[in-house]
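Engineer: Structure below; questions to follow.
The values are calculated or read from the model by the stated rules, or taken from the named source; none is laboratory data. Computed from a prediction, not measured in an experiment: that's the story for all the values here. Note that we place each Cβ from the backbone using ideal geometry, even for glycine, and neighbour counts take in every protein chain shown. Areas reflect the complete protein model, heavy atoms only, side chains present, ligands, DNA and RNA absent. Shrake-Rupley method; radii C 1.70, N 1.55, O 1.52, S 1.80 Å.
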Amino acid sequence: MTETAAPTTVVAADGAADGAADGAADGEAADWGPLSSLPGNPMMWILILGELAAFGAMFIGFAVTRALDPATFDASQAQLDRLLGGVNTMVLVTSGWLVAIAVRRRVSGRSHRVAMLGAMALGGVFLAVKAVEYGDKIGRGLTLETNSFFQLYYLLTGFHAMHVAAGIVILGIVTWWDSLENLETGAAFWHMVDLIWVLLYPIVYLLR
């Protein structure tokens with residue numbers, strides 16, 4: 001009885017060890033919580049949440065400052081070029097659509113790089129239009145030192161432009177190393193950039 005019980009004990013111990021290992025592996029896979037079900041790398045979603053929180057804080061600051069000095073904000077807002085802002089909105093939305101198309105084509109095994117290159121090109125167009133807009137403002141003496149509106153205008157739009165530039169680099173990287181996870185990770189960042197501008201444009205350019 002003793003000789004037959006020993007192997008049983010070993011097997012049971014091995015089974016318990018395997019179960020513990022599987023449980024540990026399952027625990028590691030579940031560490032990301034809800035982020036695990038999102039497309040792309042969960043680390044990117046942590047970054048995205050942080051960036052959205054940062055922009056949200058700046059939008060709140062913009063709203064509070066406007067409430068304290070509405071006359072200055074209204075007069076300064078009238079100096080912005082709503083048409084160029086609207087053009088840039090269409091440019092970024094179209095770019096985001098191309099990225100979504102690229103991911104869909106990658107899933108189906110079709111070529112996706114043309115769509116990604118188009119998205120990056122439109123990102124470059126956005127930055128070029130923004131440079132034209134900045135040049136016009138600075139040429140008319142509307143700088144960071146003009147008033148609180150333009151301080152926040154340059155802060156918000158400049159910070160966003162930095163994200164567009166970073167997004168173009170990220171799209172280039174995931175176009176080259178184009179696993180599905182990489183593409184989805186890059187797409188998530190780019191859609192965040194789109195979303196922020198879709199909120200920023202009406203808040204800064206249109207709402208009075």
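Engineer: Given N residues in segment 125-208, what is Rg(Cα) / (2.2 N^0.38 Å)?
Structural biologist: On the way: Rg = 15.4 Å, N = 84, 2.2 N^0.38 = 11.8 Å.
Rounded to two decimals, the normalised Rg is 1.30.
Engineer: What is the distance, in nm, between label points placed 7 Å from the Cα along the Cα-to-Cβ direction at Ala57 and at Leu84?
Structural biologist: Distance between label points: 2.9 nm.
Engineer: Can you give me the accessible area per residue for segment 47-87, using a 1.4 Å probe, in Å²? List each step's numbers first, then the result.
Structural biologist: On the way: 2080 Å² over 41 residues.
Per-residue accessible area for segment 47-87 comes out at 51 Å².
Engineer: Using only the Cα atoms, what convex hull volume per residue in Å³ does segment 37-106 have?
Structural biologist: Details: hull volume 6.9 nm³, N = 70.
It comes to 99 Å³ per residue, whole-number rounded.
Engineer: For segment 115-156, what does the alpha-carbon gyration tensor say about shape, rounded, prolate or oblate, given a ≥ b ≥ c as the root eigenvalues, a/c under 1.5 as rounded, and a/b over b/c as prolate?
Structural biologist: Numbers: a/c = 6.69, a/b = 2.45, b/c = 2.73.
Cα axes put segment 115-156 in the oblate bin.
Engineer: Let me ask something else. Per residue, how large is the accessible surface of segment 102-208? Use a 1.4 angstrom probe and give square angstrom. Before the final figure, lay out the partial values.
Structural biologist: Numbers: 4980 Å² over 107 residues.
Each residue of segment 102-208 exposes 47 Å² on average to a 1.4 Å probe.
Engineer: Can you pull the one-decimal nm distance between simple spin-label points at Arg104 and Ala166, each 7 Å off the Cα toward Cβ?
Structural biologist: 2.9
Engineer: Using a probe of 1.4 angstrom, how much of the accessible area of segment 74-208 is carbon and sulfur, in percent?
Structural biologist: Working: 4400 of 6230 Å².
It is 71 percent, rounded to a whole number.
Engineer: Using a 1.4 Å probe on the protein heavy atoms only, what accessible surface does Met58 show? Give it in Å² to the nearest 10.
Structural biologist: Surface open to solvent at Met58 totals about 40 Å².
Engineer: What is the percent of Cα-Cα separations in segment 35-169 that go past 27 Å?
Structural biologist: The answer is 32 percent, as a whole percent.
Engineer: Stretched out fully, how many nm does the piece from Val129 to Arg208 gain, at 0.36 nm a residue minus the Cα gap? Before the final figure, lay out the partial values.
Structural biologist: Numbers: separation 79, 0.36 × 79 = 28.44 nm, distance 2.37 nm.
That pair, Val129 and Arg208, stretches by 26.1 nm at full extension.
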